[in-house]
Each structure stands twice: as C-alpha cells, then as structure tokens.
Amino acid sequence: MIDRKWGQMILNGEKSIEVRHFKNQQHCGKRVGLCFNGTSRVYGYVTFINNIKFCPRSWIAEQGQHRVPDEDTVPYGGKAWGWVCADPEWVGTPFLIHRKVGAQIFQKL
C-alpha cells in the first residue's frame, strides 16, 4: 500500500526511492504490485532492487530520487530507509484484489 501521490510518481518514473521506517528485506530483488491507499486495486508493478540507510548527507544527496520536499532532516527520528525502485510499469486496467483486514504494507497477490 502506498499513498497515491507517491505511487503515481514511482510508476511514472519520477521517483525512484520509496522512504519507509524499516529495511525492505523480504521483497528486495522482487517485482511487486502497487496498490494505492484506500483502494483494493493493483495499479502497476515495480522491482525493489536495493535498500539505503539514510544519514543526513545521503538524505539531502538523494532528494531528487526520494522526492520528499522541504525536509532537511532524515524522517522517522533519523531511522529512515530508502527502497530503491526499478522497472516501474503501469497496468493497462487496474485489477481488484482481495485485501486482508487491517493495515497492510505487503500482501501476496
């Protein structure tokens, strides 16, 4: 699940690093479907190819890739990770999935 604004930027190739508060160990190197928050549809696919542990220097240096504006400090109390995205692809027609109940970051399709 991803906020529509950020998901669209990833799928359009405008954003290549997704910022989260933990390392993406389980899905690194895998192609995943992107669902936007509040929906039960897959809008596209992306491959997470690497993780970056942000420090103040890398946070500022990678701003053009993570696209988080106007923040000079690393979020999540300085413990943010960047999930490096590759090969974004929109699906022709978003398709419905059966979502589990509760907050989800990943779900098997």
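The values are calculated or read from the model by the stated rules, or taken from the named source; none is laboratory data. Model, not experiment: these values are computed from the prediction. Glycine also receives a Cβ, built like all others from the backbone with ideal geometry; neighbour counts cover every protein chain displayed. What goes into the accessible areas is simple: the full protein's heavy atoms, side chains included, and nothing from ligands, DNA or RNA. Shrake-Rupley method; radii C 1.70, N 1.55, O 1.52, S 1.80 Å.
With n ≥ 4 as the cut-off for DSSP H runs, can you work out [θ] at 222 nm for the chain, using -39500 (n - 2.57) per run divided by the number of residues, rounded to the nearest 500? Write down the numbers at each step before the final one.
Details: 4 runs with 22 residues, N = 109.
The helix contribution divided over the chain gives -4000 deg cm²/dmol.
Carbon and sulfur atoms: what percent of the 1.4 Å accessible area of the chain do they account for? Could the numbers behind the result be given before it?
Working: 3330 of 6570 Å².
Carbon with sulfur: 51 percent of the solvent-accessible area.
Applying 1/(1 + (r/R0)^6) with R0 = 30 Å to the Cβ-Cβ distance of Asn50 and Thr73, what FRET efficiency is obtained, to the nearest 0.05?
Values: r = 23 Å, r/R0 = 0.75.
The calculated FRET efficiency here is 0.85.
Just to be sure I understand the model, the point goes 7 Å from the Cα along the line to the Cβ. What's the resulting Asp87 to Arg41 distance in nm?
Between Asp87 and Arg41, the label points sit 2.5 nm apart.
Consider all pairwise Cα distances in the chain and report the whole-number % of them above 16 Å.
Considering the chain, 58 percent of its Cα-Cα pairs are separated by more than 16 Å.
Can you give the accessible area of Ser40 in Å² (nearest 10), computed on protein heavy atoms with a 1.4 Å probe?
Per-residue accessible area (Ser40): approximately 40 Å².
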